[in-house]
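The next block holds one structure in the form of structure tokens; read it before the comments.
The values are calculated or read from the model by the stated rules, or taken from the named source; none is laboratory data. Computed from a predicted structure; not experimentally measured. When we count neighbours, we look across all protein chains shown, and the Cβ atoms used for this are built from the backbone with ideal geometry, even at glycine. The area values use the complete protein model at the heavy-atom level, side chains included, leaving out ligands, DNA and RNA. Shrake-Rupley method; radii C 1.70, N 1.55, O 1.52, S 1.80 Å.
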Amino acid sequence: MSSWQSPSNIALIKYWGKREQQLPQNASLSITLNNAVTRTRVKLLPGKLNNSGLELDFKLSGERNPAFAERLSTFLDSLKGTFPFLLGAMLEIQSENSFPHSAGIASSASAMSALALCLCDLEQQLEGTQNYQDDFFKKASVIARLGSGSASRSVFGGFTVWGKHTHVSGSSDEYAVPLPFEPHEIFHHIKNTILIVDASQKKVSSSVGHHLMNGHPFAEARFKQAESNLSLLLDAIKSGNWDDFSRITENEALSLHAMMMSSNPGYMLMHPNTLVVLDKLKHFREKSKVKICFTLDAGPNIHLLYPESETEAVKPFLSDVKDYCVNPAMIDDQIGYGPINLQTQANET
Ligand code: DP6
């Protein structure tokens, strides 16, 4: 049995476009969150004899979820070469998310990374080793990536980079790595407040969006832009230059949505209230000089980012935009420390 808690993450430099085997077209950088987590428990039970198939008993928050169970089954089937113990096995997987299902928060990063950590852990248990060193997390990141690209970054805390980039030593398209330097103290406890302007199911999935980057007329320019934005953002994170950080982060968010709008077919995931709130943010910032910026995921909700020291100063803005949000209106989060082995934690207490 293995049980891990793994967080969600929010990308500042966006992964948008992929090649074979879930490899990214450009390197991305994210902040691992603290409160938005998935807790997953995997029990490996002996399956039926002479059967190389895999039986899955999956529950999310105690209930069956056929759509996600099917995605997991396909994913697990594809991993039988890597984890021979899956051949003919019966897996009981129980997951729960800390964030409300209706909040419009993507759960695949936390869900797939938690599952990947459990699988790597089970492999070690069967081999008689339990060694949670760098190689363990590197492998978990590879497996998580195969489940969902952005999940590769959730295996580490803090700022994380996935994808080969000349300015990040040890970076790879196959797995994520933690930032190879200490961020400036202004970013140590960076806050992420998510304004939920629309909680309905996405009209176009990220997988479809990635696919639409194949043959996109702006694709090559976008991949170059991401490459150079990542270099600039690394400098800003190192030196503590909030204005550069803010400018690049917002440029990435808007470029992501611009790619969606200019795809063929084009589509829009922003809600009218996304624009209203972004406009209000611009005015609030100009007037107050508060250090605050936004990013957007592949959806309508707004991820506000600000140093912890601005928490009080941001409050008037949050109450001003509350009426443009649904219920729950806001989710409060911040940079986090990465996954937790729940079994080890339970044994220690
Ligand atoms: C906009 O990781 O969800 O959030 O690899 O197909 O599962 P798949 O896609 P996914 O795409 C995430 C896209 C993004 C940007 C990012 O997280 O970097």
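Annotation note: of Asn264, Asn273, the sole residue that is part of a loop (DSSP other than H, G, I, E, B), of a type in the set (S, T, N, Q) and open to solvent by 10 Å² or more (accessible area, probe 1.4 Å) is Asn264.
Which of the residues that make up the stretch 314-330 are more than 23 Å from Met261 (Cβ to Cβ) and either open to solvent by 40 Å² or more (accessible area, probe 1.4 Å) or within 16 Å of the ligand (Cβ to nearest atom) (or both)? Lys315, Pro316, Ser319, Asp320, Lys322, Asp323, Val326, Asn327, Met330, listed by residue number.
Evaluating Tyr132 against the criteria (1) outside any loop (DSSP other than H, G, I, E, B); (2) closer than 20 Å to Ser3 by Cα; (3) not basic (Lys, Arg) leaves one unmet condition, (1).
Among the residues of the stretch 9-21, which ones are near the ligand (Cβ under 10 Å from one of its atoms) and either of a type in the set (Gly, Ala, Ser) or at pLDDT below 95 (or both)?
Taking the stretch 9-21 as the starting set, the residues that turn out to be near the ligand (Cβ under 10 Å from one of its atoms) are 9-18.
Hits for the stretch 9-21 are Ala11, Gly17.
The criterion of at least 3 residues that are more than 16 Å from the ligand (Cβ to nearest atom) is met, among strands (runs of 3 or more DSSP E) falling completely within the stretch 139-220, by 191-195.
Can you tell me which residues in the stretch 31-49 are away from the ligand (no atom under 12 Å from the Cβ) and among the β-branched types (Val, Ile, Thr)? If the condition is that a residue be away from the ligand (no atom under 12 Å from the Cβ) and among the β-branched types (Val, Ile, Thr), then Val37, Thr38, Thr40, Val42 are the ones that fit.
Among the residues of the stretch 165-204, the ones that are surrounded by 13 or more Cβ atoms within 10 Å (Cβ to Cβ), out of contact with any Lys or Arg (no Cβ under 9 Å at 6 or more places or on another chain) and within 30 Å of Pro272 (Cα to Cα) come to 11 in all. Remark: pairs (first residue in the stretch 124-136, closer than 18 Å to Ser154 by Cβ and open to solvent by less than 100 Å² (accessible area, probe 1.4 Å); second residue modelled with pLDDT of 95 or more and among the charged types (D, E, K, R); Cβ separation under 9 Å; 6+ apart in sequence or on different chains) = Tyr132/Asp121; Phe136/Asp121.
Within the stretch 315-349, how many residues are assigned to a loop (DSSP other than H, G, I, E, B), closer than 21 Å to Ile105 by Cβ and polar (S, T, N, Q)? Give the steps one after another, and end with the answer.
First, pick out the residues of the stretch 315-349 that are assigned to a loop (DSSP other than H, G, I, E, B): 325-329, 336-339, 349.
Narrowing further to those that are closer than 21 Å to Ile105 by Cβ: 325-329, 336-339.
Adding the requirement that they be polar (S, T, N, Q) leaves 327.
Within the stretch 315-349, residues that are assigned to a loop (DSSP other than H, G, I, E, B), closer than 21 Å to Ile105 by Cβ and polar (S, T, N, Q) number 1.
Scanning the stretch 39-52 for residues that are surrounded by 14 or more Cβ atoms within 10 Å (Cβ to Cβ) and either at pLDDT below 95 or under 23 Å from Val204 (Cβ atoms) (or both) gives Leu44, Gly47.
From Gly209, Gly158, grab the single residue that is within 21 Å of Arg19 (Cα to Cα), touching a residue at least 40 places away in the same chain (Cβ under 8 Å) and either surrounded by fewer than 16 Cβ atoms within 10 Å (Cβ to Cβ) or not acidic (Asp, Glu) (or both).
Numbers: Gly158 fails: within 21 Å of Arg19 (Cα to Cα).
One residue alone meets the criteria, Gly209.
Looking only at residues of the stretch 59-115 that are farther than 30 Å from Tyr337 by Cβ, among the hydrophobic types (A, V, I, L, M, F, W, C) and open to solvent by 40 Å² or more (accessible area, probe 1.4 Å), we find that the one that is nearest to the ligand (Cβ to nearest atom) is Ala67. Of all the listed residues (Ser6, Ser28), the sole one being farther than 17 Å from Leu342 by Cβ, within 16 Å of the ligand (Cβ to nearest atom) and either open to solvent by less than 50 Å² (accessible area, probe 1.4 Å) or among the charged types (D, E, K, R) (or both) is Ser28. A count restricted to the stretch 1-60 and to residues that are within 29 Å of Asn347 (Cβ to Cβ) and of a type in the set (D, E, K, R) stands at 6.
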